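K.L.:
Quick one: this structure, given as structure tokens, is what I'll be asking you about.
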Amino acid sequence: MTLRRTGPGRPRTALHDPAREETAYAPAPAVELRGVRREYGRGPATVHALRDIDLTLPRGTFTAVTGPAGSGKSTLLRCAAGLDRPTAGSVRLGGTEITGMAENELAELRRGRLGFVFQAFNLLPSLTVEQNVLRPMRLAGLPEDRGRAARLLAQVGLDGAGGRRPAELSGGGQQRAALARALATRPDVIFADEPTGALDTTAAAGVLALLRAAVDSLGVSLVMVTRDPVAASHADEVVLLSEGRTTARPPRGIPAAAA
Ligand code: ADP
Ligand code: MG
């Protein structure tokens, strides 16, 4: 369903292998999962959160991961973003194999190349909104660029709100601040887990429009977990999860165009 291109993973020896030529100049996909499994526990009580996931997410695209509660959406996102380690299989981010990376290397990759948006916003309450946006720059070893922070806040509709505390903003405002924070380091990929799950319809629509704009105008790749079909409809691709597996076809009732 999302397998649009052949990955660069398999070694080929023939010099003029057309498949190799085709991928030689193509940028590596934003995210690639091969045979990813994630199990919790052991023995008869083992939970198979992900079973053999193969997924290729091209750069500059917006992918929604959807499915019922407990289907493995958050586990998929966490494994893809280097926040959790698969039990088996391989994860590549922009062509970089992250399986087996040391924790400090992974943390550096996350800080430098990824952005995160969570359902509960996860802004630091004691910092101002501006300080929340500046923080990832510092953590990534970049200069704290106050001009960039101001521009990002203006882009998400928070012009002039940089000096406020997160709690002084509405839920939608906090999530828009979290998006500005996620964009601060110019990440390649943004991972968002239920970013509209705590928002009312109007606030959710605002956040979804901004997520879509980040993909369309900044070229960011976006992976968004959501249980909301309206949110999923903003994506270029919809990955349906069921009991830890991707399902190749949309269930009855969802038009093929939506998947
Ligand atoms: P979703 O995000 O789709 O609701 P999750 O990825 O959170 O699903 O969970 C998938 C399955 O893995 C569920 O059965 C859940 O109970 C289980 N699970 C998730 N995290 C853990 C964990 N840390 N320990 C044990 N089981 C877990
Ligand atoms: Mg979840």
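The values are calculated or read from the model by the stated rules, or taken from the named source; none is laboratory data. Computed from a predicted model, the values in this text were never measured in an experiment. Cβ: placed from backbone, ideal geometry, glycine included. Neighbour counts: every protein chain shown.
K.L.:
Name, by its number, the condition in (1) crowded, with 16+ Cβ neighbours inside 10 Å; (2) among the charged types (D, E, K, R); (3) more than 16 Å from ligand 2 (Cβ to nearest atom); (4) assigned to a strand (DSSP E or B) that does not hold for Arg38.
P.N.:
(3)
K.L.:
Please pick out the residue among Thr63, Thr23 that is surrounded by 12 or more Cβ atoms within 10 Å (Cβ to Cβ), more than 17 Å from the chain's Cα centre (by Cα) and either among the hydroxyl-bearing types (Ser, Thr, Tyr) or modelled with pLDDT of 95 or more (or both). Spell out how you get there, then give the answer.
P.N.:
Working: Thr63 fails: more than 17 Å from the chain's Cα centre (by Cα).
Selected residue: Thr23, the only one of Thr63, Thr23 that is surrounded by 12 or more Cβ atoms within 10 Å (Cβ to Cβ), more than 17 Å from the chain's Cα centre (by Cα) and either among the hydroxyl-bearing types (Ser, Thr, Tyr) or modelled with pLDDT of 95 or more (or both).
K.L.:
Yes or no: Ala149 within 19 Å of Ala214 (Cβ to Cβ), surrounded by fewer than 21 Cβ atoms within 10 Å (Cβ to Cβ) and touching a helix residue (DSSP H, G or I) at 6+ places or on another chain (Cβ under 7 Å)?
P.N.:
Criteria not met by Ala149.
K.L.:
Okay, next question. Would you pick out the residues in the stretch 108-119 that are of a type outside the set (Lys, Arg) and more than 16 Å from ligand 1 (Cβ to nearest atom)?
P.N.:
Listed by number, the residues that qualify are Glu108, Leu109, Gly112, Leu114, Gly115.
K.L.:
Can you pull out every residue in the stretch 127-144 that is in contact (Cβ under 8 Å) with a residue 24 or more places away in the chain and either surrounded by 15 or more Cβ atoms within 10 Å (Cβ to Cβ) or among the basic types (Lys, Arg) (or both)?
P.N.:
Thr128, Val129, Glu130, Asn132, Val133, Leu134, Arg135, Pro136, Met137, Leu139, Ala140, Leu142
K.L.:
If I ask for residues that are out of contact with any strand residue (DSSP E or B) (no Cβ under 6 Å at 6 or more places or on another chain), surrounded by 16 or more Cβ atoms within 10 Å (Cβ to Cβ) and either within 23 Å of Ala28 (Cβ to Cβ) or acidic (Asp, Glu) (or both), which ones from the stretch 107-126 would you list?
P.N.:
If the condition is that a residue be out of contact with any strand residue (DSSP E or B) (no Cβ under 6 Å at 6 or more places or on another chain), surrounded by 16 or more Cβ atoms within 10 Å (Cβ to Cβ) and either within 23 Å of Ala28 (Cβ to Cβ) or acidic (Asp, Glu) (or both), then Leu109, Arg110, Arg111, Gly112, Arg113 are the ones that fit.
K.L.:
Taking the condition of being part of a helix (DSSP H, G or I) and either more than 15 Å from ligand 1 (Cβ to nearest atom) or of a type in the set (S, T, N, Q) (or both), how many residues in the stretch 56-107 meet it?
P.N.:
So the answer is 7.
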